[in-house]
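Working notes for the structure below.
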């Protein structure tokens, strides 16, 4: 697999700002995940390794270390439930349980129909409106069990 020309152009620009080319690896992985299906496939890791003149195992080591990179395809909808202290104190464990119940996905898993991926994430900066989750890039705050059902039930 070759990287799309659009990404190669972005990476060339990105790397021009660093003393070493490989310093752009994490940002490049973010862009690949955004542009190439929401995850980092083995083929993508090989292509990125080629671009950065690294061994594929080095790219894998970085991609597998950071929790923001997905190593498997996500569901159609990604629900990222904040579980940091403010959300925890205001009911995040119950919200997470309800999210899993409504979506049919386990924590850090994807529902059998491929519709939902559920994950936990660290602070999303919405502490004053906790508990919250991010659904496909959109924050939903001051959640209740009823609002979770309403928000997610309309997608299933």
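The values are calculated or read from the model by the stated rules, or taken from the named source; none is laboratory data. A quick note: this is a predicted structure, and the numbers were derived from the prediction, not measured. Virtual Cβ from ideal backbone geometry, glycine too; neighbours counted across all protein chains shown.
Quick notes on this one:
- Pairs meeting the criteria (first residue in the stretch 87-108 and surrounded by fewer than 16 Cβ atoms within 10 Å (Cβ to Cβ), second residue assigned to a helix (DSSP H, G or I), beta carbons under 7 Å, at least 6 apart or on different chains) are 94/145; 106/100; 107/96; 107/100.
- Output for the stretch 46-84, where each listed residue is over 22 Å from residue 10 (Cβ atoms), outside the structural domain of residue 130 (by TED's automatic domain parsing) and more than 15 Å from the chain's Cα centre (by Cα): 55, 57, 61
- Wholly enclosed helices (runs of 4 or more DSSP H) of the stretch 85-156 bearing at least 2 residues touching a strand residue (DSSP E or B) at 6+ places or on another chain (Cβ under 8 Å) and closer than 22 Å to residue 67 by Cα: 92-103
- Residue that is surrounded by 14 or more Cβ atoms within 10 Å (Cβ to Cβ), under 15 Å from the mean Cα position of the chain (by Cα) and either farther than 23 Å from residue 105 by Cα or not assigned by TED's automatic domain parsing to the domain that holds residue 113 (or both), where the choices are 36, 14: 36
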